[in-house]
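Just below is one structure, and these are the notes that go with it.
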Amino acid sequence: MRALQLFGPDDLRVVDLPVADIGPDDALLEVESAGLCGTEPGIYHRGQPRGLVPGHEYAGTVARVGSRVTRVKVGDRVTGLWHSSCGACVECRAGMPELCPVPMTFGHAFDGSYAEYMRVPNADRCLLRLGDSLPFDLGALMGCSLVTAMWALARAGVVPGDSVAVFGLGAVGLCGVLGARLAGARTVIGLDPVAYRRATALECGADQALDPTDAGASETLRSCNGGAGTDRAIIPTTAKSAPQQALEGTRRGGTVVVIGGVGDFTINSRQLNHEQKTLTGAAGAPGADFGQRVVDLVADGRLDAGRLSRLVTHRFALADAATAFQVYEAKSEPVIKAVIHP
């Protein structure tokens, strides 16, 4: 099979590799669409993990299944979570497979989706059925970006009538805007320094789209709920200023959920204890059942597939992956989600 293999920093080559063998709990997927996540360029520039095929967003057709796989069968059109899980650790047994300590991230712990075929370990714990109508490019968007956003909104406890701030309007953030509307949010405010992303947020149903570096952005957040602040905020961005800005703009007793890889950041602890605000995180998704419910929202028409599909803005051949990374990082073009077609 043809695949992209990482040989070192900024050194990604199209090579011929053998198609992987599968075990009894695994599936082999013929990849039709592989998404480029915001975490992917960093892996490309670092050149780590060297020797692996990158890519953790994917959609395609099941080519083979192991003897113990029951969720999918050969010929099924599927997407999947960006990670699998072991099913045996304390976290998995407690119903929190997103916290599984066993390294099972596609394109990091084992070969990922930038290839014609990929092995999916513990397939019952991560594959999601697309059905016959949803396109593969949309599947590559849903398995990571949409599922991650919906889990963050669930962790935030968004309920009808809430006001929700979304910090960062890449694919995950824009899915968060759509998801907040589906959850019944009364007011949705998107924040991003990139103008075309703000424009896209308005198209996705945001009431306002603000540049977080503008002096009036924080005041707008605090003006919600009669001056109390927003009820919830989710942070799918790496901007270190976002957590404190979100806490300042959230009402007493409100909730802020960090999704993006912000790294170390400073917060005012008074806003956590005296104002009883909740600051928490969301990673991945709590298993394939949750992921399937999210996919079914789109398949059933409850979440607009047309709006979601417009977030897939760029498509590249396997050999043009380096160009895909350059376009995504430069943002000289209005790129939201780029996908690679093996």
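What follows is calculated from the coordinates using simple rules that are stated; it is not laboratory data. In this text the structure is predicted, and so the values were computed from the model without any measurement. Here the Cβ is made from the backbone with ideal geometry for all residues, glycine too, and neighbour counts use every protein chain on show.
Just a few scattered comments:
- When the chymotrypsin sites (Phe, Trp or Tyr not before Pro) in region 251-342 are filtered for DSSP coil states and for at most 14 other beta-carbon atoms within 10 Å of their beta-carbon, the remaining sites are 265.
- Across region 146-281, counting alpha-carbon atoms alone, Rg and Dmax equal 12.9, 38 Å.
- Debye equation applied to the C-alpha atoms of region 139-193, log10 I(q)/I(0) at 0.18, 0.24, 0.32 Å⁻¹: -0.50, -0.86, -1.30
- Within the chain, helix-based [θ] at 222 nm, where runs of 4 or more DSSP H residues each add -39,500 (n - 2.57), nearest 500: -7500 deg cm²/dmol
- Those lysines that a straight Cα-Cα span of less than 26 Å connects to residue 337, excepting residues fewer than 8 apart in one chain: 240
- For region 204-342, the fraction of alpha-carbon pairs in successive 5 Å shells from zero, as %: 2, 8, 12, 15, 17, 17, 15, 9, 4, 2, 0
- Square roots of five times the Cα gyration tensor eigenvalues for region 1-154, Å: 22, 18, 16
- Helix 321-330 and the longest principal axis of the Cα set of the chain meet at an angle near 10°.
- Between 123, 282, 94, the GNM of the chain built on Cα springs shorter than 10 angstrom shows 94 fluctuating the most.
- Estimated distance in nm for a label pair at residue 70 and residue 2, the labels positioned 7 Å out from Cα along Cα-to-Cβ: 3.9
- Modelled label positions at residue 322 and residue 91, each set 7 Å beyond Cα in the direction of Cβ, lie 3.5 nm from each other.
- Quarter of the Cα convex hull surface for region 213-291, i.e. its orientation-mean projected area (nm²): 6.0
- Per residue, the Cα convex hull of the chain amounts to 124 Å³.
- Förster-model FRET efficiency, 45 Å R0, residue 280 and residue 315, C-beta, rounded to 0.05: 0.80
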